[in-house]
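Reading through the structure tokens given below for one structure.
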């Protein structure tokens, strides 16, 4: 996915966060999370008032960027984060990504 396509999805998620006033839980992650939406009956039954912020292909560093740069409403009671799947086969192991973000003060 191009950076443009990715940023458009981030902007779409930010818009949903603004207009979905009944949301009190967020699930953020990669294609595994995004794929949950294929099962609308299950989603609505077990995850009512939950906003799916999954983007296919996201690696840990992308999800951390989104968490640190998106504006989340104050009424959110819980956030479920699914990360790391797309880092497994990449050149940089997850530990390097975490060290980078720790050095940048993104995790504080």
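Quick note: the coordinates plus some simple rules give every number you see, no bench work behind them. Quantities reported herein were computed from a predicted structural model and do not represent experimental measurements. Note that we place each Cβ from the backbone using ideal geometry, even for glycine, and neighbour counts take in every protein chain shown.
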Inset, instruction - Report relative contact order for the range 3-103 in percent, whole number only (criteria: Cα-Cα under 8 Å, sequence separation at least 6). - result: 34 percent
Legend entry - Average projection area in nm² (convex hull over Cα atoms of the range 3-103, one quarter of hull surface): 7.0 nm²
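How big is the Kirkwood radius of the range 1-57, worked out from every pair of different alpha carbons and given in Å to one decimal?
Details: mean 1/r = 0.0844 Å⁻¹.
Result for the range 1-57 stands at 11.8 Å.
Just to verify a number: FRET efficiency for residue 4 and residue 45, C-beta to C-beta distance, R0 = 41 Å, to 0.05?
On the way: r = 35 Å, r/R0 = 0.86.
With R0 = 41 Å, the Cβ-Cβ based efficiency is 0.70.
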Inset, instruction - For residue 11 and residue 38, calculate 0.36 nm times their separation in residues minus their Cα-Cα distance, and state this gained length in nm to one decimal. - result: 7.6 nm
